[in-house]
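The values are calculated or read from the model by the stated rules, or taken from the named source; none is laboratory data. Note that the coordinates shown come from a computational prediction; the quantities given were computed from them, not determined experimentally. With ideal geometry, Cβ positions are generated from the backbone for all residues, glycine too; neighbour counts draw on all protein chains shown. Keep in mind that these areas ignore ligands, DNA and RNA; they rest on the heavy atoms of the full protein, side chains included. Shrake-Rupley method; radii C 1.70, N 1.55, O 1.52, S 1.80 Å.
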Amino acid sequence: MSGSACFKKCGSVLITGANRGLGLQLVDSLVNGGFSPGKIIATTRDPSAALKLHELAKKHPNIHIIALDVQSHESIQKGVEEVHQLVQEEGLNCLINNAGINVIANFHTVTAEKMIENFHTNAVAPLMITKAFLPLLKRAASRGACDPATMSIQRAAVINMSSALGSIELTNKELAGHFNWYPYRVSKVALNMVSRSLAIDLEDDGILCMAIHPGWVRTDMGGSQAPLSPEESVSSLLSVIGGLTEKDHGSFLNYTGEPLPW
Ligand code: NAP
């Protein structure tokens, strides 16, 4: 069975920032790829403006659109209540922390405010969202615990959308010269540490935690020069994420499935 096909056996998947870019493509590819999970909870900070998401939801009633501003504690709490109503005793199987921003600033233009804004959305928010949804993730993990050593998205998983630009080891003069964005890069390094720390803290609950780089993709963030289309990136991402097992717990993987250096 291919990795993507495992999504079909997954009860629920929640994706943040699902109104455009990779988040929207994840929803689209899941419902149109023939491996739609039971429920897709597509979150966006402004559902009324998420026209493409509504178009998809009209055709696929297993898409549930929920308001969630990842920077807002109140919005996260409200989102948890709504998701609880949707998933009930089954809990939440797969949380994909996808929403992100790139506050572009180099050494000369960076300010404390720019650092903190990027840090909040890209590193603090995924941590706070995971904490808030933990009871629902734990519920799903305990229901799928026939073998306590088994980890997968069908049981319970937290997937953090990271970036190769958050790899300290891959940062050299050439790469830093092109993408010397302090707020973004530092936020993704922090997200990687969040992922690794979550892997330690949630291991006993059987919740798989990892970070993944989607490649350089033609979205609003990636820009038109990027080599990958959202469809190409997401097709590979779903195959890798769907096939994750306990051996991938705490990993940092490329969209092709190979490990990336921290
Ligand atoms: P994108 O096209 O700019 O989309 C970003 C998404 O995040 C949008 O849905 C946006 O919603 C949402 N978002 C931002 N702030 C939010 C907030 N406070 N609350 C809720 N949603 C919020 O970016 P993308 O290319 O799809 O990137 C998705 C993820 O992949 C990001 O984490 C990014 O860092 C990562 N990534 C992308 C690339 C690439 O080449 N594209 C490479 C490496 C990693 P609004 O429409 O409301 O702003």
**Study point:** Output for region 248-259, where each listed residue is assigned to a loop (DSSP other than H, G, I, E, B) and either under 13 Å from Ser197 (Cα atoms) or under 17 Å from the mean Cα position of the chain (by Cα) (or both)
**Key:** His249, Gly250, Ser251, Tyr255, Thr256, Gly257
Revision key, fill the gap. Per the filter on region 88-113, residues crowded, with 21+ Cβ neighbours inside 10 Å and under 17 Å from Arg143 (Cα atoms) are Gly91, Leu92, Asn93, Cys94, Leu95
**Study point:** Search result, residues across region 226-249 that are near the ligand (Cβ under 10 Å from one of its atoms) and open to solvent by 50 Å² or more (accessible area, probe 1.4 Å)
**Key:** Pro227
Exercise for review: Can you give me the number of residues within region 84-116 that are polar (S, T, N, Q) and free of Cβ contacts under 8 Å to residues at least 24 places away in the same chain?
Suggested key: 4
Review point. Among (1) within 18 Å of the chain's Cα centre (by Cα); (2) touching a residue at least 24 places away in the same chain (Cβ under 8 Å), where does Ser197 come up short?
Key: (2)
Review point. Any idea which of Lys58, Lys9 is basic (Lys, Arg) and over 20 Å from Gln88 (Cβ atoms)?
Key: Lys58
Review point. Looking only at region 59-73, which residues are open to solvent by 80 Å² or more (accessible area, probe 1.4 Å) and either over 15 Å from Leu127 (Cα atoms) or among the aliphatic types (A, V, I, L, M) (or both)?
Key: Lys59, Pro61
Review point. What tally of residues in region 200-221 results from selecting those that are touching a residue at least 12 places away in the same chain (Cβ under 8 Å) and open to solvent by 20 Å² or more (accessible area, probe 1.4 Å)?
Key: 9
Exercise for review: Of all residues in region 207-242, count the ones that are in a helix (DSSP H, G or I) and farther than 28 Å from Ala132 by Cα.
Suggested key: 6
Point to revise | Subset of region 121-137 that is closer than 13 Å to Val83 by Cα and away from the ligand (no atom under 15 Å from the Cβ) - its residue that is farthest from the chain's Cα centre (by Cα) | key: Pro135
Check your understanding: Asp204 is checked against (1) over 20 Å from Gly100 (Cα atoms); (2) assigned to a helix (DSSP H, G or I); (3) within 13 Å of the ligand (Cβ to nearest atom) and fails just one. What number does that condition carry?
Key -> (3)
Check your understanding: Before we move on, is Leu165 within 10 Å of the ligand (Cβ to nearest atom), surrounded by fewer than 24 Cβ atoms within 10 Å (Cβ to Cβ) and assigned to a helix (DSSP H, G or I)?
Key -> yes
Review point. Any residue in region 170-186 that is open to solvent by 20 Å² or more (accessible area, probe 1.4 Å), at pLDDT 95 or above and of a type in the set (A, V, I, L, M)?
Key: yes
Revision key, fill the gap. For region 36-58, the count of residues that are open to solvent by 40 Å² or more (accessible area, probe 1.4 Å) and farther than 16 Å from Phe133 by Cβ equals 10
Review point. Is it the case that Ser163 is free of Cβ contacts under 8 Å to residues at least 40 places away in the same chain and among the small types (Gly, Ala, Ser)?
Key: no
**Study point:** Candidates Arg45, Arg20 - the one that is within 15 Å of the chain's Cα centre (by Cα) and of a type in the set (D, E, K, R)
**Key:** Arg20
